[in-house]
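Working notes, structure below.
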Amino acid sequence: MTIDKKHDGSSFFLTVSGRVDTLTAPELDKAIKEGLGTSSALVIDFSDLDYISSAGLRVLLAAQKVMNRQGTMTIRNVKPAVMDVFEVTGFSSILTIE
Amino acid sequence: MGVELLQLRQDEIFLRKAFHRSLLPCILSILSGNINILVDGILVGQRIGTDGLSAISLCVPVYLILCVIGSFIVSGTAIQASKSIGRQDDAMGQALYSTSVWLCLIASAVVTIIGLASCRPLSVALCGDEAALVPLVYGYASVTIIGALPKILVYVPFWFLRMDGRASLVTWMMLVMGGGNAALDYIFLYPLDMGIEGAAWASVISTAIACTMGLAWLSGRQSGFHMCRTIIRRAEDWKAIAIDGSPSALNNLFQTLRLLAVNAMLMAAGGSSLVAAFTAVNCISAFSLAVTDGVPQAASPMLGIYSGERDNGSTILLVRREWRTGFFCSVAFSIAIIALSDVISSLYGLDASLYPAMAFLSLGMFPGLLCSILSVHYNISGHAWLANLIIFSRSFLMAGLSLFAALRLGLSPWLFLFSSEVLTVIIWLIASGIYHHVHPICTRFLLLDQSLEREGRVLNFSVSDSVEEICTTSERLSDFCSEIGIGMKDSMSLGLAVEEIMTLIAEVNGGTPVRFDVRMFSVHDVTGLRIRYGGLEFNPFSPDHDKDDEQYLGAELISRIAEHVLYQRTFGVNTVQVLL
């Protein structure tokens, strides 16, 4: 998994590539927590993400709970296979997906 | 792709552990049975004399009928049940269990009624010219026939407890049967002075107690088998039971016929001294069965399940493990009996040295082990004809021919203990070679149908419980599935199943190492995974789990993605199957 981080004003952009699984989810969690600060917008780009497991879903859920207090969280460019996981678990109604 | 695939490989760590767990109880079971026979003979011989021993020996056909019936019914139903479990058909497994119990009950009733009605003329026929032994034979045979029910029914817990992964309970049963028989023999023969009938009652009562214990364990909540109203009705199922039961029954039959034939030939060649020596050799040979029969017996429940799953990879690994473990045990046993040959000789009060006999018996253990492993494998894998051929050859035909030839040529009569096994191996090589030539889709020696493997749509591999290995395997499996033409969605689903199920199981086992054996298959429009694992008894998809608990989020994900998820506990290990 690779993560590209970018700040633009009060927005924090993450581009995640590869796989988010039990092994790599802590790295994503750390990247979000360290980079988020007081950002009011978190945007995660999944255009190169091929796979996400429940470990990744837990990280997204934790991030969503934080952003519910301090701003917005958006997930973009989700591949069909990853979208299936969001839909089956009901996360498509919890997360904001564009 | 090739280099990465090499790392998705199955090893024997998981199945070796499961096999060895059931091996010691099987060996101890056979040993305790043989010690029981030894002690029985000593006590009867001491108290009643040689007439008592002769009477028991003449009653062997009565005992044989009960053994043949019990082993035929129960081995056939048990092997079919293990295959059904391998196909995830639990209902059929329960129906087969119920059928075996009912059949044993019915057969016992029929044998008891007919046997008691014809006991007198039967005893006369068994005694032949030895009319003086008729009262003793009648006394022993009549009690044995009355005890037909426990003697036939005891096969049920013997087979099904092992299949349930509780082989150690079978050992307890055998210890109670053996120890109880010896204790009751002493009480009935000495203080109560019941004569030959006392010896028979000791055997019947001790068997009844052991049988009751075994059935009580099978009826408990922990048991994977339960009586149900469904019994087998279809003709093809009955035929399958008969085919699968035939090797075990024929083995009992031919072993007894061999004993009678060998005794007769040795008596003619060397008189009672040679027969007496054979009695000692046969007793030690019976102990050697603890290895040559115990090893395949321990593997048989697992082989049945692998056969039902058409899991050739696991079958091959297990058969190889049987050979390696059995070889090691045979070496140890051989060293012991050769070293103790003179001690054995003096214990039986023999003048001649038993060294040649023990040496040939030892040499014969190795081809004998191979024959035994193969006959059990063929019986379970659908080649009962070859299992029966091996049994007929080693138990009767080649034993008789080898001994006849040795006596004719003036060679050591004990050579037959080795040559009969070697000749059987040669017969096996020829017969299996012919079959392989006619059916080239089957492997050369184990005759396993490789059609699924050749299509390239099954894959067996083993995984440890490290998160890194689980996640790496998940990724490689998804890649492999995509490359063999499984759709992207299913490929990812299989990778997810591996990761979610295994990480949850590793977490639940809290640091205790767990090993996984995985089979991925995509056959006839069915794609799925079978994951087998040790550790705690744990069903990741149990409805008792709190669905809102984040720990079970992954399992919930898989149960929603999959068409079916199934959990079983078989031979003491957990099995999960995910079908997409």
* Condition broken by B:SER223, with the remaining ones in (1) small (Gly, Ala, Ser); (2) over 26 Å from B:THR77 (Cα atoms); (3) not in a helix (DSSP H, G or I) satisfied -> (2)
* Asked: Quick one: B:ARG233 ticks every box in (1) of a type in the set (D, E, K, R); (2) in a helix (DSSP H, G or I); (3) modelled with pLDDT under 90 bar one, so which box is it?
  -> (2)
* Asked: Exactly one of (1) within 14 Å of chain A (Cβ to nearest Cβ); (2) at positive phi; (3) among the hydrophobic types (A, V, I, L, M, F, W, C) is unmet by B:LEU447. Its number?
  -> (1)
* To do: State all residues of segment B:276-325 that are closer than 30 Å to B:GLU453 by Cα and either free of Cβ contacts under 8 Å to residues at least 24 places away in the same chain or not in a helix (DSSP H, G or I) (or both); if no residue qualifies, say none.
  => B:ARG310, B:ASP311, B:ARG324
* Out of the residues in segment B:470-521 that are basic (Lys, Arg) and under 35 Å from the mean Cα position of the chain (by Cα), which is nearest to the other protein chains (Cβ to nearest Cβ)? -> B:ARG515
* **Restricting segment B:382-407 to residues that are touching a Lys or Arg at 6+ places or on another chain (Cβ under 6 Å) and surrounded by 24 or more Cβ atoms within 10 Å (Cβ to Cβ), the residue that is nearest to B:THR256 (Cα to Cα)** => B:SER395
* Structure fact -> B:GLN551 fails exactly one of (1) within 14 Å of chain A (Cβ to nearest Cβ); (2) crowded, with 19+ Cβ neighbours inside 10 Å, namely (2)
* For segment B:134-158, enumerate the residues that are touching a residue at least 60 places away in the same chain (Cβ under 8 Å), in a helix (DSSP H, G or I) and farther than 14 Å from B:MET213 by Cα. => B:LEU136, B:VAL137, B:GLY139, B:TYR140, B:ALA141, B:VAL143, B:THR144, B:ILE145, B:ALA148, B:ILE152
* Asked: If you take the residues in segment B:68-124 that are surrounded by fewer than 22 Cβ atoms within 10 Å (Cβ to Cβ) and of a type in the set (D, E, K, R), which one is nearest to B:ARG229 (Cα to Cα)?
  -> B:ASP90
* Asked: Hey, among B:VAL463, B:VAL467, which residue is within 14 Å of another protein chain (Cβ to nearest Cβ) and touching a residue at least 40 places away in the same chain (Cβ under 8 Å)?
  -> B:VAL463
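A quick yes/no check of all residues on (1) small (Gly, Ala, Ser); (2) within 30 Å of B:ALA298 (Cα to Cα); (3) modelled with pLDDT of 90 or more; (4) touching a strand residue (DSSP E or B) at 6+ places or on another chain (Cβ under 6 Å):
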| position | (1), (2), (3), (4) |
| --- | --- |
| B:ALA81 | yes, yes, yes, no |
| B:SER123 | yes, no, no, no |
| B:ALA141 | yes, no, yes, no |
| B:THR144 | no, yes, yes, no |
* Asked: In segment B:527-546, is there at least one residue being over 36 Å from the mean Cα position of the chain (by Cα), within 11 Å of chain A (Cβ to nearest Cβ) and of a type outside the set (Lys, Arg)?
  -> no
* **Members of segment B:334-343 that are assigned to a helix (DSSP H, G or I) and surrounded by fewer than 19 Cβ atoms within 10 Å (Cβ to Cβ)** => B:ILE335, B:ALA336, B:ILE338, B:ALA339, B:ASP342, B:VAL343
* Structure fact -> Residues of segment B:66-91 being part of a helix (DSSP H, G or I) and over 20 Å from B:SER246 (Cβ atoms), in sequence order, are B:ILE85, B:GLY86, B:ASP90, B:ALA91
* Which numbered condition A:GLY90 fails, given (1) closer than 22 Å to B:ILE561 by Cα; (2) crowded, with 20+ Cβ neighbours inside 10 Å; (3) small (Gly, Ala, Ser) -> (2)
* **Selected residue (criterion: nearest to B:GLY304 (Cα to Cα)) from residues of segment B:54-67 that are surrounded by fewer than 24 Cβ atoms within 10 Å (Cβ to Cβ) and of a type in the set (Gly, Ala, Ser)** => B:SER57
* Asked: In segment B:302-314, what residues are of a type in the set (Val, Ile, Thr) and over 15 Å from the mean Cα position of the chain (by Cα)?
  -> none
* With segment B:346-456 as the region, which helices (runs of 4 or more DSSP H) entirely inside it contain at least 1 residues that are under 30 Å from B:ALA81 (Cα atoms) and at pLDDT 95 or above? -> B:355-380, B:384-392, B:416-438
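The values are calculated or read from the model by the stated rules, or taken from the named source; none is laboratory data. These numbers come from a predicted model, not from an experiment. Cβ coordinates were reconstructed from backbone atoms using ideal geometry, including for glycine residues, and neighbour counts include every protein chain displayed.
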